[in-house]
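Undergrad: I'd like to ask you about the structure that follows.
The values are calculated or read from the model by the stated rules, or taken from the named source; none is laboratory data. Here the structure is a predicted model, which is why all the values come from computation and not from measurement. All Cβ positions, even for glycine, are placed from backbone atoms using ideal geometry, and neighbour counts span all protein chains on display.
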Amino acid sequence: MYHTYLNVIGCATSRIAGKVKRMGAPSEGAEAAGRLLALIRDGKASSRPALERASGLSRVTVVQRLRYLFDAGLVVEGDATEASGGRPARVISANPDFAVAIAADVGESVIRIAATDLSPRIIAETTIDLDVASGPMATLTEIVRATRKLVSGLGKSQRRVLGVGLSLPAPVNHVAGRVVGPSVMRGWDEFDVCGFLGRELSVPALVDNDVNLMALSEYRQFWPRVEHFLFIKAGTGIGSGIILDGAIYRGARGASGDIGHIQFDESSAPLCRCGKFGCVEARAAGWAIARDLRANGYNAKNARDVIDLLEQREPDCIQRVREAGRLLGEVAADVVSVLNPKTIIIGGTLSRAGEHLLAGVKEMIYRRSLPLALDGLGIFRARSDDRAGILGAAHLVIDAALAPEAISGTVDRLARADDNRNSEKTLRRARK
Ligand SMILES: [Zn+2]
């Protein structure tokens, strides 16, 4: 769903929108065509006969709806064929070059920004060194500047921007496009992130927290057939992302999955960054392990330092990471009882500890869960690399723009943007 649409200046009807309108496809027609596109994008059908079978529609209707998708440039037909029962059928696929998505992953001290095609595959990227504590105006202004530069460096045909997606290390109200009650991002509380980015870049903007987006990316890339999926990020902080029936489950306001601030024991418990005592984070996060290691004379500030010490085989560090794994397992076992996931993935910097961390997670889940919940349950280390946040943000933008109900708006908006670029070019030429 798109919640932050921006006015795009200009109203000339472009070649594509004109073509689409002439063949008489009002927005309901576009939405129906969008449902076929969803079947193609989900890998459920990739030829005309397969689309007929998957949608239950007649051949004539499938051809008509596909025409909208072809005219808009959303799908392409290759030379390859696939068996279809009768004659081999040409393979139809989503066009990865229809437009680009802009994705930005804000870390606590580095921001990564990328332009992706619709696969999504990164086609250009850049990084900015900036402390997220500099506040939303400074951070987002830098993102806007870097995005403009990135887009202007793309090939002419790649400058159609579908939207911008932002990954933030904070609780995010996805619907309102705002950060709410961050523990490590002072000054960001209630800032209208999507409004700002959308106004400055004149494209739809979406925001979500980093763990949801890492979960989405890991799921899409490596576990697309797992319908009940839990991703736990164990890094400097701790959180989890839940995928149910193929989509991020956010709860009523976007707070679901925030397992890092579940409190275990308030008496004599360590103070958390959120101001409460005894949170999972305050015992098992990278910053908490680093705190304990510092008390034992080690030089450690964050999860990366913990992993460095672990790789040097420091016994205190190994013991402390194993203890963190068991605590993570305790809270994961509670989540297993509530959600009954099929697959649990442990990601984030601490997951580089491998079995030192995972052994404790598995031990506690197996000890505490019911046999039915354990039946077929897999617990693995994440396979994504450090681009998971970026790719997740790109998925967010692409899914929203290509959702059946959004297709017509997306096609019209990009066509108007094409027209604007062309008329600007004509004006510039006329002035010369
Ligand atoms: Zn806390």
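Undergrad: Quick one: which of Ser183, Ser167, Ser217 is among the hydroxyl-bearing types (Ser, Thr, Tyr) and in a loop (DSSP other than H, G, I, E, B)?
TA: Among Ser183, Ser167, Ser217, only Ser183 is among the hydroxyl-bearing types (Ser, Thr, Tyr) and in a loop (DSSP other than H, G, I, E, B).
Undergrad: Also: Considering the range 245-255 alone, what residues qualify as being at negative phi, surrounded by 15 or more Cβ atoms within 10 Å (Cβ to Cβ) and more than 16 Å from the ligand (Cβ to nearest atom)?
TA: Within the range 245-255, Ile248, Tyr249, Arg250 meet the criteria.
Undergrad: Being over 13 Å from Phe191 (Cβ atoms) and buried (at least 18 other Cβ atoms within 10 Å of the Cβ) is the filter here; which residues of the range 147-170 pass it?
TA: Residues satisfying the conditions are Thr147, Leu150, Val151, Arg160, Val161, Leu162, Gly163, Val164, Gly165, Ser167, Pro169.
Undergrad: With respect to the numbered conditions (1) closer than 27 Å to Val180 by Cα; (2) away from the ligand (no atom under 16 Å from the Cβ); (3) of a type in the set (Gly, Ala, Ser); (4) surrounded by fewer than 18 Cβ atoms within 10 Å (Cβ to Cβ), which one is the sole condition not fulfilled by Ser337?
TA: Ser337 satisfies all of (1) closer than 27 Å to Val180 by Cα; (2) away from the ligand (no atom under 16 Å from the Cβ); (3) of a type in the set (Gly, Ala, Ser); (4) surrounded by fewer than 18 Cβ atoms within 10 Å (Cβ to Cβ) except (1).
Undergrad: Another question, if that's okay. Can you pull out the residues in the range 259-280 that are at pLDDT below 90, on the phi < 0 side of the Ramachandran plot and more than 8 Å from the ligand (Cβ to nearest atom)?
TA: Across the range 259-280, the qualifying residues are Phe264, Asp265, Glu266, Ser267, Ala269.
Undergrad: Which of (1) within 16 Å of the ligand (Cβ to nearest atom); (2) touching a residue at least 24 places away in the same chain (Cβ under 8 Å) is the odd one out, the single condition Pro182 does not satisfy?
TA: Here Pro182 clears every test but (2).
Undergrad: Can you tell which of Ala176, Ala170 is away from the ligand (no atom under 16 Å from the Cβ) and hydrophobic (A, V, I, L, M, F, W, C)? Steps first, answer last, please.
TA: Numbers: Ala170 fails: away from the ligand (no atom under 16 Å from the Cβ).
Just one listed residue meets the conditions, Ala176.
Undergrad: List, please: which pairs have Cβ atoms under 9 Å, are six or more places apart or on different chains, and start with a residue in the range 72-96 that is within 18 Å of Ala401 (Cα to Cα) and end with one that is of a type outside the set (Ser, Thr, Tyr) and modelled with pLDDT under 80?
TA: From residues that are within 18 Å of Ala401 (Cα to Cα), the pairs are Ala72/Ile16; Ala72/Ala17; Ala72/Lys19; Ala72/Val20; Gly73/Ile16.
Undergrad: From the residues in the range 256-280 that are aliphatic (A, V, I, L, M) and part of a helix (DSSP H, G or I), which one is surrounded by the most Cβ atoms within 10 Å (Cβ to Cβ)?
TA: Looking at residues that are aliphatic (A, V, I, L, M) and part of a helix (DSSP H, G or I), I get Val280.
Undergrad: Please verify whether Ser84 is part of a loop (DSSP other than H, G, I, E, B) and within 18 Å of the chain's Cα centre (by Cα), treating the condition exactly as stated.
TA: So Ser84 does not fit the description; no.
Undergrad: Looking at Ala133, Ala124, which is the one that is surrounded by 15 or more Cβ atoms within 10 Å (Cβ to Cβ) and either modelled with pLDDT under 90 or among the small types (Gly, Ala, Ser) (or both)?
TA: Result: Ala124 is the single residue among Ala133, Ala124 that is surrounded by 15 or more Cβ atoms within 10 Å (Cβ to Cβ) and either modelled with pLDDT under 90 or among the small types (Gly, Ala, Ser) (or both).
Undergrad: Which numbered condition trips up Asp308, out of (1) of a type outside the set (Gly, Ala, Ser); (2) surrounded by 18 or more Cβ atoms within 10 Å (Cβ to Cβ); (3) away from the ligand (no atom under 14 Å from the Cβ); (4) assigned to a helix (DSSP H, G or I)?
TA: That leaves (2) as the condition not met.
Undergrad: Scan the range 115-138 for residues that are hydrophobic (A, V, I, L, M, F, W, C) and out of contact with any Ser or Thr (no Cβ under 8 Å at 6 or more places or on another chain) and report the count.
TA: 7
Undergrad: State the number of residues belonging to the range 247-283 that are touching a residue at least 40 places away in the same chain (Cβ under 8 Å) and closer than 24 Å to Asp42 by Cα.
TA: 2
Undergrad: Take the range 281-302 and flag every residue that is within 16 Å of the ligand (Cβ to nearest atom) and part of a loop (DSSP other than H, G, I, E, B).
TA: Ala285
Undergrad: If only one of Ala114, Ala45 is modelled with pLDDT of 95 or more and in contact with a helix residue (DSSP H, G or I) (Cβ under 8 Å, 6 or more places away or on another chain), which one is it?
TA: None of the others qualify; the one that does is Ala114.
Undergrad: Could you give every pair whose Cβ atoms fall below 7 Å, whose first residue belongs to the range 404-418 and is buried (at least 20 other Cβ atoms within 10 Å of the Cβ), and whose second residue is assigned to a helix (DSSP H, G or I) and among the acidic types (Asp, Glu), counting only separations of at least 6 or pairs across chains?
TA: Taking only residues 6 or more apart or on different chains, the pairs are Ile407/Glu31; Ser408/Glu31.
Every residue, every condition in (1) of a type in the set (Asp, Glu); (2) within 30 Å of Leu201 (Cβ to Cβ); (3) touching an Asp or Glu at 6+ places or on another chain (Cβ under 9 Å), yes or no:
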{"site": "Leu350", "(1), (2), (3)": "no, no, no"}
{"site": "Gly354", "(1), (2), (3)": "no, no, no"}
{"site": "Arg368", "(1), (2), (3)": "no, no, yes"}
{"site": "Pro404", "(1), (2), (3)": "no, yes, yes"}
{"site": "Ser408", "(1), (2), (3)": "no, yes, yes"}
{"site": "Ala417", "(1), (2), (3)": "no, yes, no"}
{"site": "Glu424", "(1), (2), (3)": "yes, yes, no"}
{"site": "Ala430", "(1), (2), (3)": "no, yes, no"}
